[in-house]
1. Search the stretch C:295-309 for residues that are more than 9 Å from chain B (Cβ to nearest Cβ) and pair each with any residue that is in a helix (DSSP H, G or I) when their beta-carbon atoms are under 7 Å apart and the residues are at least 6 apart or on different chains.
2. Conditions first: (1) in a loop (DSSP other than H, G, I, E, B); (2) under 13 Å from the mean Cα position of the chain (by Cα). Residue A:163 passes all but one, so which condition is the exception?
3. For the stretch C:138-152, name all the residues that are touching a residue at least 40 places away in the same chain (Cβ under 8 Å) and part of a loop (DSSP other than H, G, I, E, B).
4. Could you check the stretch B:85-107 and list, in sequence order, the residues that are small (Gly, Ala, Ser) and either within 12 Å of chain C (Cβ to nearest Cβ) or crowded, with 20+ Cβ neighbours inside 10 Å (or both)?
5. Which condition number in (1) within 10 Å of another protein chain (Cβ to nearest Cβ); (2) closer than 23 Å to residue B:83 by Cβ; (3) of a type in the set (Gly, Ala, Ser) is the one that residue B:243 fails?
6. Might you check whether a residue that is without any contact (Cβ under 8 Å) to a residue 12 or more places away in the chain, at the interface with another protein chain (Cβ under 9 Å from one of its Cβ atoms) and polar (S, T, N, Q) occurs anywhere in the stretch B:209-220?
7. Where residues in the stretch C:37-67 are surrounded by 15 or more Cβ atoms within 10 Å (Cβ to Cβ), within 7 Å of chain B (Cβ to nearest Cβ) and modelled with pLDDT under 75, which of them is nearest to residue B:159 (Cα to Cα)?
8. State yes or no: is residue B:175 among the aromatic types (Phe, Trp, Tyr) and over 27 Å from residue C:249 (Cα atoms)?
Amino acid sequence: MARIVLKDLVKEFGLFRAVKGINLDIQDGEFLIMVGPSGCGKTTTLNMISGLVPPTSGSITIGDKDVTFMEPGERGLGMMFQDLALFPHMTVFENVAFGLRVKDTPESEIKERVHKAADAMHITPLLSKRPGQCSGGEAQRVALARTLVTNPEVYLMDEPLSSLDAKLRIDMRTELKGLHKRLKGTFVYVTHDQAEAMTMADRIVVINGGRIEQLGEPLEIYRKPATRFVAGFFGMPTMNFLEGEVAAADGGPLFTNAAIRVPLDATTPASLAGRKVVLGVRSEHVETGTGTNSGEVRLIEPLGDASLVFFEFGDATRLVAKVDPDLEFKSNDKLTFEFDPGNCHLFDTESGVRLN
Amino acid sequence: MTDATLNGTGGPARQGPRMRLRAWLGQERVFRWIPFVLVEGVFLLVIIIPFLLTIYISFLRWRANRPFEQAYLSGFRNYEQVLTNEGFWLSLGRTFYFAGAAVTFELIVGFLLAMAVHRVVRGRRIYITLFLIPMMLVPVVAGYNFSMIYLDSGPLNQLLSPITTALGFDPRIRWLSDPTAAQLAIIFADIWQWTSLTFLIFLSGFSALPPQLINAARIMGANRRQIFFWVELPLLKPAIVIAIVIRSMEALKMFDPIVMLTFGGPGTSTQTIAHYLWEQVWMFNKFSFGAAASVLVLIMFSVLIFTGIWLLIRQSDQVENQQLNTGSDR
Amino acid sequence: MTDDIYKPSADAVAKRHKARFDKRVIVRHAFLIAWALVVMFPIYWMLQTSFKDSGEWVTWPPHWVPHEPTLKNYEQIFTFNVQQAGVARDATEQPFNIWGSLADSLIICTFSSLIALLLGTFLAYSISRFNVGGKRFRHSVLMIRMIPPIVIAIPVLMYFAVIIPFATESVFGTRISLFDTRIGVIMLYIAISLPFVIWMMLAFIDEVPYTVEHAARIMGASRMYTIRKIVLPLVASGMVVTFLFIFILNWAEFLLALTLTHPDVSTLPVLLNKFQSASEGRLYGPQAAIGTVITIPVVIMGILIQKHLVKGFSFGMMRR
């Protein structure tokens, strides 16, 4: 059983509170990704789970053991680092065997397990080489082999793919997901890349400023972001945001600001009337060619499967729309647009909390 | 880049996992403090305590030929004597003169050498190996070598003889018997040996110049001179500062060549402060005088030392900041 | 790339194929060759003097190559057989024992360098990983080295020769003096070598990324295990370089050895000096021989570590 429970975890570095009270229940066998901007506390949290950093207060439980102050080596973890941290002076074999040697495993067992892990990661031909002689991808897999050879219950990963080039990164993503399926361990993964989080996670926890902003499955986070921050963090291109207020009108609730009036969905709570809000709408929910609003195209980015149209309207407010690739817009074209009311998100202007 | 935050802060004693942690922490403390205590202990024992004792002695009136027990306190008398002693001030001034002259020359020549070696393609290895040798020579041996060369019937005079005889002088110049000539001889001995060091520092400075910046300047049309003065020289500033600080500090301690070549002579014309102090204690046995003089010299040099260290710290901070901006996250 | 002082600058290589007889290149080489001659000359002179017989020592014009090369000088210094007219009395009474000085120098330098290396490396590790001593400690240790040795020579002399005997006599009843002992010199050399050891080993240890130690720790290794199996192997070459560097420095150290030892212990530099002052007529031949003996080992060591000296003297200039 490798369920991880974090309770009221706080970490202070002198006067600076890096982690401000995190409560998290990580299920056995799930692939959980902690995502957030640099400096948000996600790595510190991971380090507390691993034992490299002791928490200022709070507790950490792995399985049924309270590991809060336990030695990292005793927690039964495997960890992957951003810079891989392979031992440059040892062969690949010795690198992978290290965790077993430390625990005085008999030599024959070491050989067997190292070879098994090497097979699983397809690095058997590299066993007698040094890390310096391996390519980026090969080194990654050596690091992985080293992590899994000790059969940990929990795998911690600290931005392991950040230093890879784009193509390798995507390949490794698939490989990691496959590994997770085969090994059935609990994966706790940290990244600042939202695309990585979306593609790999069973559940995502979004951390900002030392606190959890939202916890949920990827699609849920994408479709119903709990705060403005989460909404803006996920999705490429970033969600469009407009400031204004909600007004009650005959046809139903309305979002207005100086430049635009957007009819809102009927499910919008009536209590919002008169409130200052931020309206968020994703680029794929901005429909062009219909509606009463008009704007002028500034830039087009053809992606192949869609095109991004950057346009301006009103008093130089900029928006992005994701449109069919066959629609050929040019700079300075005029277009009409409207928002899909069912997919408009409303957030409180000050707190950023979701309102609808 | 430190591990400072990633170590146990300790918790209240408890069974099980926390006990193991304490065992680990016990080791951590070992690593943290024992080396520090040992090293500081060595410094304390061997350097600081003697020095404190010296301060005490500097307030005594004591000559070495009388046993220690007979010494008695005499206040600032020794300091007065030192401060009014002509020899003290003269040798101090001379020290700065020697150091100044030698270091200036070493900086310039070392810089030019490094620049030349950096730009040359063939024979770099040989040049570098050769140029570094003087620095590795035992200074005493170097001093001795020069004593042979400076002989009136030595090779230097022989080499200069075409010029000297043409000018009507006796080519057998007695370098070490004439005050000015002796001073020049000492300065040159220092230059010969320590230009290697400035050369080394500047060479590593030149090697660290990022080629991208220079290429960028070339593409923008800068000519050689402009690139040198506007791009390379500013980038070499750390090296220059380091060379000046390190070399100046060392030059002020000049001692070995003087003992081997001139022993302070003729007269006292080549006596540096180090030699002067040494003479007072070793030759004349004026212990408390020497003690007071040492204290004074240390105070004076401390100002220089602190300035030097401050400059070095500032330099490495600046370089660190520059590195941070060349973008790696965290 | 930044570490490689042997690689020529980009434009130098580019121009290589152009004018090989480019004026500038010739001037550069001329300058460099001139200085190379200046550098080599005293060394050559010493070498060739050591092979000269006494008749050739002071001739006018001086001989640039011994006309009658001889090994007599070496013979003399190695067999205490210095019989020359004009050698002062106490010189003959106390044979100029190069073997003794060699032993003294070797023992003193080896022990002090080794101990300083061990102590200093551990402290460097503490500073690098635990920030022991605070932010500025690594710079302030250098201060010890910047103090002019004369300033500590006098105090330490009095300390060793007078204070300590006085103290031990009052406490233990026996006068123990550290003056003229190898141990005394060793202790002092340790103290002045430590700053350099700390400084250089810090640079080497900093290069070992701490994530590597974390990885080991996660896998259950204790701190000692990690140091033994991971950190030390990675800084081993650095340790060798540092050892050689301070060995060279201690070998050459003169002033402190001079003040603190007479007559039992004398390191090689002190011996050379004794030779100089004791003899009325200068014994150039044997002196040159001694000089050569002193010099050759450290020059060889120096050549071995020259590339690493670059790193040590860069004081953070190098961009990683």
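The values are calculated or read from the model by the stated rules, or taken from the named source; none is laboratory data. Predicted model, so just to flag it, every value in this text is computed and none were measured. Cβ coordinates were reconstructed from backbone atoms using ideal geometry, including for glycine residues, and neighbour counts include every protein chain displayed.
1. C:304/C:244; C:305/C:241; C:305/C:244; C:305/C:245; C:308/C:241
2. Failed condition: (2).
3. C:141
4. B:91, B:99, B:102
5. (2)
6. Yes, the stretch B:209-220 contains at least one residue that is without any contact (Cβ under 8 Å) to a residue 12 or more places away in the chain, at the interface with another protein chain (Cβ under 9 Å from one of its Cβ atoms) and polar (S, T, N, Q).
7. Out of the qualifying residues, it is C:62.
8. yes
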